[in-house]
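A.B. asks: The structure's right below; bear with me while I get my questions together.
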Amino acid sequence: MSAFLTVDDVSRVFGPNLNTGEKIAARLGAQVETRSVRAVSDVSLTVSKGETLGLVGESGCGKSTLGRLMAGILAPTSGTVLIDGAPVMVNGVKATTRVQTVFQDPFASLDPRMKVGDTVSEGPIAHGLTTRAQAKAYVAGWFEKVGLDPGWTDRFPHQFSGGQRQRVAIARALAMQPDMLICDEPVASLDVSIQAQIINLFLELTRDLELTTVFISHDLSVVQHVSDRVAVMYLGRIVEVGPVAQVFNNPAHPYTDALFGSVPKLVLDADELVHFDTITGEVPSPLAPPSGCYFHPRCPLATPVCSSDVPCMQSLPDMRTVACHHFKEQFAKSFGKAG
Amino acid sequence: MSAPVLSVRNLRTHFFTRAGVVKAVDGVSFDLSAGEIMGLVGESGSGKTVTGFSLLGLIDEPGRIVEGSIKLNGVELTSLPDAELRARRGKDISMIFQDPIATLNPMLTIGQQMKLAIDAHERLGKRAAEARAAELLTQVGIPSAVARLRSYPHEFSGGMRQRVAIAIALLHRPAVIVADEPTTALDVSIQAQILFQMRDLANETGTALIWISHDLAVVSSLAKKLAVMYAGRIVEQGPTAALLRDPRHPYTAGLIASLPAMATPGTPLVQIPGTTPSLLSLPTGCPFAPRCELATSDCNTEPEITFVGDRGWRCFHPVSHARELTT
Ligand SMILES: Nc1ncnc2c1ncn2[C@@H]1O[C@H](COP(=O)(O)OP(=O)(O)O)[C@@H](O)[C@H]1O
Ligand SMILES: Nc1ncnc2c1ncn2[C@@H]1O[C@H](COP(=O)(O)OP(=O)(O)O)[C@@H](O)[C@H]1O
Ligand SMILES: [Mg+2]
Ligand SMILES: [Mg+2]
């Protein structure tokens, strides 16, 4: 399958955003943060047509930033993002309607003073996908598609439950008739029983509408369930990408292995004293990342080369890529564990 | 079995609001022995936090414990005067919250806050207090504890702040700690470290733990005992592994079956229809009945909790095996 979305060597740096007072204070030697954060660092990725790519990693590793870069709503500091060969952003302005976003908190992303029907029809009217006269029927159609009562278009966001609001947010994205959806933690704020409803809706819609999707979540079991491939991020870099089954069952990067090892599993055996494979220490500050491989201070396989050289992305025969100097040893280890 | 350190019977905590009576907790009973960990799970609004607050005597207007008994080491807490309750809070029973920022004072060093927490219940010299504080910080996994006593909360990461909150909760070796979603805001790698440590601490110190969570997997790896809440009631309780393997209440069964981990990747998840009911307009009878596939006209009457051995459920038509629901 060919690449539909191409992320080519993309980085995004956030400056310290100092106000004048802080700038003067910094000059005078006060403790003001003047360092910048490289939230996304030299990321290259492709997403194939119709595929769902999961994006995982601990908070602050750059998932949302990468998602916004892919959606064309945040400008990269360097590098390019192409959708079907065309840039998603031109001169710092979103240049396509083919990719749309769904965020974690549907309440924050819906205007509380606007009828939800107007929120959903706003974009499609502006882009000529429907007319003002036909908007009501157009929106009702999308409401039905996402499992909302089409008679509810005149209601306001507060009249909906959390799960229903997320359906409204999905309807708004779909009403733009995109080819691609970027979903950033779409079920994180929902209760388990509602999560299942939204995940099922998501699976059904991506299949029916042949959508290409990026699904960002810190919940690994959700990502495993919905994704075809998964990318693992650490401190702004991608450390491993590949088909879900391979990456989850036989991690090729020691960080992937450690991350998956820390996820509690449902324990059904009373005598089992659960062992957690905890990663030692914490994620270093993104303001001062370590040298070489960012994971080396916490890595059980680290050797001197890991603190001096940034590992490059290497392709493995099973369709995955990994950035680790010791992936072969990690591989042997994870196959040993599985067997 | 030794006598329970905490014994809760038929606890009911209601809020008398302008919109009506919110029966946030409406039938909670359980026992907890020394060193035991009980998971308290349920979806948001099911009454987990209000249960925790009730145990600590932290319910304010317009709320009130309207019925029930809370016995801590044999002493009935619900009828204690405020001053006596305050004397016990933090000493015999303490609480850890999801957001440690809410409990830590940004203007004081960790050492100063821990000294204040010690002073509240005990006379200890400055030296001795510092030694106790440092010992506890070390115990909860904070490196170079003595030096960190001089740090302010903002100098700690989220995970480290939660460890400090845990250390403060442990200061007086309370009989019971209520931990309200303490790892929900943390990353999995930090969560795993803290779960591991809490299990060891409960074991070593004999402190009993109530671990409130919405995450069944977290609770199953930590707690030997489990209680599931729905609409203010404990609808099912018992030994964790047995309960998860063979749930009896249709709500518990649905909750477990809906987990992505229970399904083949890419296939539809089992879903519980509908949404959680508003506590202001609960149906008469079983509050889960409107969402329940097994409900009959019997369910128009509220079921009492039925105990069979160490397992209990509040249902007229218990599921006989979980598999029936998933197919
Ligand atoms: N607008 C911004 N200004 C400054 N720093 C930012 C901004 N957005 C994100 N960051 C920083 O970039 C890093 C990555 O953040 P984010 O993409 O939100 O991570 P994630 O979604 O994985 O939690 C973090 O260190 C965060 O503090
Ligand atoms: N001070 C209050 N006044 C009115 N209702 C309250 C108050 N505190 C909690 N409630 C209600 O009690 C119910 C249970 O809340 P809570 O215990 O916080 O749920 P959980 O912790 O399980 O998410 C909710 O419906 C909530 O709105
Ligand atoms: Mg994010
Ligand atoms: Mg709560």
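A.B. asks: Would you check if A:L259 is surrounded by fewer than 19 Cβ atoms within 10 Å (Cβ to Cβ) and within 14 Å of chain B (Cβ to nearest Cβ)? Step through it out loud before you land on a result.
C.D. replies: Details: surrounded by fewer than 19 Cβ atoms within 10 Å (Cβ to Cβ): no; within 14 Å of chain B (Cβ to nearest Cβ): yes.
Criteria not met by A:L259.
A.B. asks: Out of the residues in region B:272-303 that are in a loop (DSSP other than H, G, I, E, B) and among the aliphatic types (A, V, I, L, M), which is nearest to A:G163 (Cα to Cα)?
C.D. replies: Within region B:272-303, the first condition is being in a loop (DSSP other than H, G, I, E, B), and the residues that meet it are B:272-278, B:282-288, B:292-296, B:301-303.
Going one step further and asking which of them are among the aliphatic types (A, V, I, L, M), we end up with B:272, B:282, B:294-295.
Details: B:I272: 13, B:L282: 20, B:L294: 24, B:A295: 24 Å.
This residue is B:I272.
A.B. asks: Still on this structure, please answer the following. As an exercise: evaluate A:N250 against (1) polar (S, T, N, Q); (2) buried (at least 24 other Cβ atoms within 10 Å of the Cβ); (3) farther than 25 Å from A:R12 by Cβ and give the number of the one condition it does not meet.
C.D. replies: Looking at each condition in turn, A:N250 falls short on (2).
A.B. asks: Still on this structure, I have one more. What number goes with the only condition from (1) within 14 Å of chain A (Cβ to nearest Cβ); (2) surrounded by 20 or more Cβ atoms within 10 Å (Cβ to Cβ) that B:V176 does not pass?
C.D. replies: Going through the list (1) within 14 Å of chain A (Cβ to nearest Cβ); (2) surrounded by 20 or more Cβ atoms within 10 Å (Cβ to Cβ), B:V176 breaks only (1).
A.B. asks: From the list A:I182, A:I170, A:I83, A:I194, which one is over 30 Å from A:S36 (Cβ atoms), in the same structural domain as A:I216 (by TED's automatic domain parsing) and in contact (Cβ under 8 Å) with a residue 24 or more places away in the chain? Break it down stepwise before answering.
C.D. replies: Numbers: A:I182 fails: over 30 Å from A:S36 (Cβ atoms); A:I170 fails: in the same structural domain as A:I216 (by TED's automatic domain parsing); A:I83 fails: over 30 Å from A:S36 (Cβ atoms).
A:I194 is the lone residue from the list that is over 30 Å from A:S36 (Cβ atoms), in the same structural domain as A:I216 (by TED's automatic domain parsing) and in contact (Cβ under 8 Å) with a residue 24 or more places away in the chain.
A.B. asks: Restricting attention to region B:179-197, which residues are within 16 Å of ligand 3 (Cβ to nearest atom) and surrounded by fewer than 20 Cβ atoms within 10 Å (Cβ to Cβ)?
C.D. replies: B:T184, B:A185
A.B. asks: Any chance region B:63-72 includes a residue that's of a type in the set (S, T, N, Q), surrounded by fewer than 20 Cβ atoms within 10 Å (Cβ to Cβ) and either touching a Gly at 6+ places or on another chain (Cβ under 6 Å) or modelled with pLDDT under 95 (or both)?
C.D. replies: We begin by selecting, within region B:63-72, every residue of a type in the set (S, T, N, Q); these are B:69.
Then keep just the ones that are surrounded by fewer than 20 Cβ atoms within 10 Å (Cβ to Cβ); that gives B:69.
Cutting the leftovers down to either touching a Gly at 6+ places or on another chain (Cβ under 6 Å) or modelled with pLDDT under 95 (or both) gives us none.
No, region B:63-72 has no match at all.
A.B. asks: Right, next: Restricting region B:201-220 to residues that are β-branched (V, I, T) and either within 16 Å of ligand 3 (Cβ to nearest atom) or within 15 Å of the chain's Cα centre (by Cα) (or both), which is nearest to the other protein chains (Cβ to nearest Cβ)?
C.D. replies: The initial filter retains those residues of region B:201-220 that are β-branched (V, I, T), namely B:205, B:207, B:210, B:212, B:218-219.
Now narrow it down to the ones that are either within 16 Å of ligand 3 (Cβ to nearest atom) or within 15 Å of the chain's Cα centre (by Cα) (or both): B:207, B:210, B:212, B:218-219.
Details: B:T207: 19, B:I210: 18, B:I212: 14, B:V218: 5, B:V219: 8 Å.
Ranking the qualifying residues of region B:201-220, first place goes to B:V218.
A.B. asks: Starting from region B:277-297, take each residue that is farther than 17 Å from B:L255 by Cβ and list its partners that are of a type in the set (S, T, Y), counting only C-beta distances under 7 angstrom and pairs at least six apart or across chains.
C.D. replies: Within 7 Å, the pairs are B:G285/B:T301.
A.B. asks: For region B:179-200, check the following and say yes or no: at least one residue is within 27 Å of A:V56 (Cα to Cα), touching a His at 6+ places or on another chain (Cβ under 9 Å) and more than 9 Å from chain A (Cβ to nearest Cβ).
C.D. replies: Yes, the conditions are met somewhere in region B:179-200.
A.B. asks: Got a number for residues in region B:15-60 being assigned to a strand (DSSP E or B), within 10 Å of ligand 2 (Cβ to nearest atom) and of a type in the set (F, W, Y)?
C.D. replies: 2
A.B. asks: Could you please tell me which pairs satisfy a Cβ distance under 8 Å, a separation of 6+ or placement on different chains, a first residue in region B:127-138 that is part of a helix (DSSP H, G or I), and a second residue that is loosely packed, with under 13 Cβ neighbours inside 10 Å?
C.D. replies: B:A129/B:D119
A.B. asks: Can you tell me which residues in region A:31-51 are under 19 Å from A:R207 (Cα atoms) and either within 16 Å of ligand 2 (Cβ to nearest atom) or more than 14 Å from every other protein chain (Cβ to nearest Cβ) (or both)?
C.D. replies: From region A:31-51, those under 19 Å from A:R207 (Cα atoms) are A:47-51; that's our starting set.
Within region A:31-51, A:V47, A:S48, A:K49 meet the criteria.
A.B. asks: For region B:181-218, what are the residues that are of a type in the set (G, A, S), more than 16 Å from ligand 1 (Cβ to nearest atom) and outside any helix (DSSP H, G or I)? Please lay out each step first, then the result.
C.D. replies: Let us first name the residues in region B:181-218 that are of a type in the set (G, A, S), namely B:185, B:189, B:192, B:202, B:206, B:208, B:213, B:217.
Then drop every residue that is not more than 16 Å from ligand 1 (Cβ to nearest atom), which leaves B:192, B:202, B:206, B:208, B:213, B:217.
Within region B:181-218, B:G206, B:A208, B:S213 qualify.
A.B. asks: Looking at B:Q98, B:Q112, which is the one that is within 14 Å of another protein chain (Cβ to nearest Cβ) and either within 16 Å of ligand 3 (Cβ to nearest atom) or not acidic (D, E) (or both)?
C.D. replies: B:Q98
A.B. asks: What number goes with the only condition from (1) out of contact with any Lys or Arg (no Cβ under 6 Å at 6 or more places or on another chain); (2) closer than 23 Å to B:A202 by Cα; (3) surrounded by 19 or more Cβ atoms within 10 Å (Cβ to Cβ) that B:G47 does not pass?
C.D. replies: (2) is the only condition that B:G47 fails.
A.B. asks: Same structure again: Residues to consider are A:A252, A:A270; find the one that is at negative phi and touching a Cys at 6+ places or on another chain (Cβ under 8 Å).
C.D. replies: Only one candidate passes the filter, namely A:A252.
A.B. asks: I would also like to ask the following. I'm trying to understand the selection: among the residues of region B:292-315, which are over 17 Å from B:L226 (Cβ atoms), crowded, with 18+ Cβ neighbours inside 10 Å and not aliphatic (A, V, I, L, M)?
C.D. replies: If the condition is that a residue be over 17 Å from B:L226 (Cβ atoms), crowded, with 18+ Cβ neighbours inside 10 Å and not aliphatic (A, V, I, L, M), then B:C292, B:C299, B:P303 are the ones that fit.
A.B. asks: Is one or more of the residues making up region B:221-236 within 12 Å of chain A (Cβ to nearest Cβ), in a strand (DSSP E or B), more than 16 Å from ligand 1 (Cβ to nearest atom) and not aliphatic (A, V, I, L, M)? Walk me through how you get there before you give the answer.
C.D. replies: Filtering region B:221-236 for residues within 12 Å of chain A (Cβ to nearest Cβ) gives B:221-226, B:228, B:230.
Then keep just the ones that are in a strand (DSSP E or B); that gives B:225-226, B:228, B:230.
Now drop any that are not more than 16 Å from ligand 1 (Cβ to nearest atom), which leaves B:225-226, B:228, B:230.
Narrowing the set further to residues that are not aliphatic (A, V, I, L, M) leaves B:225, B:230.
Yes: one or more hits.
A.B. asks: Right, another one. Could you tell me which numbered condition A:G54 fails, if it satisfies all but one of (1) more than 14 Å from chain B (Cβ to nearest Cβ); (2) within 16 Å of ligand 3 (Cβ to nearest atom)?
C.D. replies: (1)
A.B. asks: Restricting region B:1-58 to residues that are within 14 Å of chain A (Cβ to nearest Cβ) and of a type in the set (A, V, I, L, M, F, W, C), which is farthest from the chain's Cα centre (by Cα)?
C.D. replies: B:I37
A.B. asks: Kindly indicate whether B:R123 is away from ligand 4 (no atom under 16 Å from the Cβ), free of Cβ contacts under 8 Å to residues at least 60 places away in the same chain, closer than 23 Å to B:H14 by Cα and of a type outside the set (S, T, N, Q).
C.D. replies: no
A.B. asks: Mind listing just one residue for me: the one in region A:182-229 that is within 16 Å of ligand 3 (Cβ to nearest atom) and assigned to a strand (DSSP E or B) and, of those, nearest to the other protein chains (Cβ to nearest Cβ)?
C.D. replies: That would be A:F215.
A.B. asks: Let me ask another. Looking at region B:220-252, which of the residues that are modelled with pLDDT of 95 or more and hydroxyl-bearing (S, T, Y) is nearest to B:R12 (Cα to Cα)?
C.D. replies: B:Y230
A.B. asks: Ok, one more. Could you list, ordered by first residue, the pairs with Cβ atoms under 6 Å in which the first is in region A:103-122 and of a type in the set (D, E, K, R) and the second is within 16 Å of ligand 1 (Cβ to nearest atom), at least 6 apart or interchain?
C.D. replies: A:D105/A:S189
The values are calculated or read from the model by the stated rules, or taken from the named source; none is laboratory data. From a predicted model like this one, the values you see are computed outputs, not experimental measurements. We place every Cβ from the backbone using ideal geometry, glycine too, and count neighbours over all the protein chains shown.
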